[in-house]
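One structure is given below, encoded as structure tokens.
The values are calculated or read from the model by the stated rules, or taken from the named source; none is laboratory data. Quick caveat, the model's predicted, so the values are computed rather than measured. Quick reminder, even Gly has a Cβ in these numbers, built from the backbone with ideal geometry, and neighbours come from all protein chains shown.
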Amino acid sequence: MELSTIQKVAVFALPVLFAITLHEAAHGYVAKYFGDMTAYAAGRISLNPLRHIDPVGTILMPLLTMLTPFIFGWAKPVPVNFANLRNPKRDMLWVAAAGPFSNLLMAVCWGLLFRISIDMDAGNPAQAWLRSVGEAGVFVNVIFFALNLFPLPPLDGGRIMVSLLPRRLAFKFAQIERYGFFILLALLFTGILGTVLTPIVSVTLYFVALICGIPSGALL
């Protein structure tokens with residue numbers, strides 16, 4: 001059944017909120033593990049969504065892009081002082097990767113919820129809601145996983161590239177960050193970003209369905 005816009009907002013609200021909140025908290029937790037206490041001192045290693053919500057990035061942008069192939073949004077960035085990490089260049093990779101891989105883990109969790117809904121009695125009033133929100137949770141988190149691994153600063157994939165590149169190239173590549181947001185928006189609204197990410201999203205969805213035991217064709 002095709003959902004109305006209001007129904008889509010109701011179904012996607014919880015998955016989007018968790019996807020963005022836990023993504024940012026994961027950055028802060030891993031930064032703390034590797035020696036930077038900045039996020040911890042600012043109270044940002046928290047599951048409280050109010051500590052991470054950005055009115056434009058967490059609410060407005062997901063609403064505006066909900067009807068496009070790729071939901072786009074962000075939270076208030078968790079403050080990380082990379083100089084405080086025990087090995088800044090190396091540990092930057094783990095801090096950056098924590099966000100998208102938290103989304104991958106959440107995609108599996110929502111997938112398991114979706115799998116449970118398949119086995120429920122179709123007459124159960126909770127079945128349709130669980131199925132819809134589980135499917136939305138997988139979809140949102142897989143997109144956030146793929147999007148954030150895109151190698152463009154200030155996305156996590158860009159920071160991972162800075163960590164992996166030789167120092168001279170890493171320094172030059174990091175300079176792109178000042179223009180990164182505008183480049184990302186241009187790629188999004190011209191459809192180039194969707195073309196690049198679609199194969200990654202499709203493969204990731206396949207593996208999430210496989211891990212969760214979801215029958216072929218049942219998800220999305």
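For region 121-137, does any single residue satisfy the condition of being within 29 Å of Met92 (Cβ to Cβ), touching a residue at least 24 places away in the same chain (Cβ under 8 Å) and either touching a His at 6+ places or on another chain (Cβ under 6 Å) or buried (at least 16 other Cβ atoms within 10 Å of the Cβ) (or both)? There is at least one residue in region 121-137 that is within 29 Å of Met92 (Cβ to Cβ), touching a residue at least 24 places away in the same chain (Cβ under 8 Å) and either touching a His at 6+ places or on another chain (Cβ under 6 Å) or buried (at least 16 other Cβ atoms within 10 Å of the Cβ) (or both).
Out of Arg115, Arg131, one residue alone is basic (Lys, Arg) and within 14 Å of Pro15 (Cβ to Cβ). It is Arg131.
Take the conditions closer than 26 Å to Phe12 by Cβ and in contact (Cβ under 8 Å) with a residue 60 or more places away in the chain and apply them to Gly180. Does it pass? If you could, list the steps in order and put the result at the bottom.
On the way: closer than 26 Å to Phe12 by Cβ: yes; in contact (Cβ under 8 Å) with a residue 60 or more places away in the chain: no.
The answer is no for Gly180.
No other residue among Leu85, Leu93, Leu113, Leu104 is touching a residue at least 24 places away in the same chain (Cβ under 8 Å), in contact with a Ser or Thr (Cβ under 6 Å, 6 or more places away or on another chain), surrounded by 16 or more Cβ atoms within 10 Å (Cβ to Cβ) and not polar (S, T, N, Q) apart from Leu93.
Among the residues of this structure, Ile118 does not count as one that is touching a residue at least 24 places away in the same chain (Cβ under 8 Å), under 26 Å from Leu205 (Cβ atoms) and crowded, with 19+ Cβ neighbours inside 10 Å. Could you check, for region 96-110, whether at least one of its residues is out of contact with any Phe, Trp or Tyr (no Cβ under 8 Å at 6 or more places or on another chain) and farther than 23 Å from Val30 by Cβ? No - not one qualifying residue is present in region 96-110. Among the conditions (1) over 23 Å from Val203 (Cα atoms); (2) modelled with pLDDT under 90; (3) in a helix (DSSP H, G or I), the only one that Ala31 does not satisfy is (2). Confirm whether Tyr40 is modelled with pLDDT of 80 or more and either closer than 27 Å to Val201 by Cβ or among the polar types (S, T, N, Q) (or both). Considered against the rule, which asks whether it is modelled with pLDDT of 80 or more and either closer than 27 Å to Val201 by Cβ or among the polar types (S, T, N, Q) (or both), Tyr40 comes out as no. Kindly check whether there is at least one residue in region 52-70 that is among the small types (Gly, Ala, Ser) and at pLDDT 90 or above. Looking for residues that are among the small types (Gly, Ala, Ser) and at pLDDT 90 or above, one finds none in region 52-70, hence no.
The rows are residues; the columns are (1) without any contact (Cβ under 8 Å) to a residue 12 or more places away in the chain; (2) in contact with a Pro (Cβ under 6 Å, 6 or more places away or on another chain).
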{"site": "Gly99", "(1), (2)": "no, no"}
{"site": "Asn141", "(1), (2)": "no, no"}
{"site": "Met161", "(1), (2)": "no, yes"}
{"site": "Arg168", "(1), (2)": "yes, no"}
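Against the list (1) at pLDDT 90 or above; (2) under 23 Å from Val11 (Cα atoms); (3) touching a Pro at 6+ places or on another chain (Cβ under 9 Å), the condition Cys109 fails is (3).
So, Val30, is that one farther than 17 Å from Val140 by Cα, without any contact (Cβ under 8 Å) to a residue 12 or more places away in the chain and of a type outside the set (Lys, Arg) or not? Judged against the criteria, Val30 is not a match.
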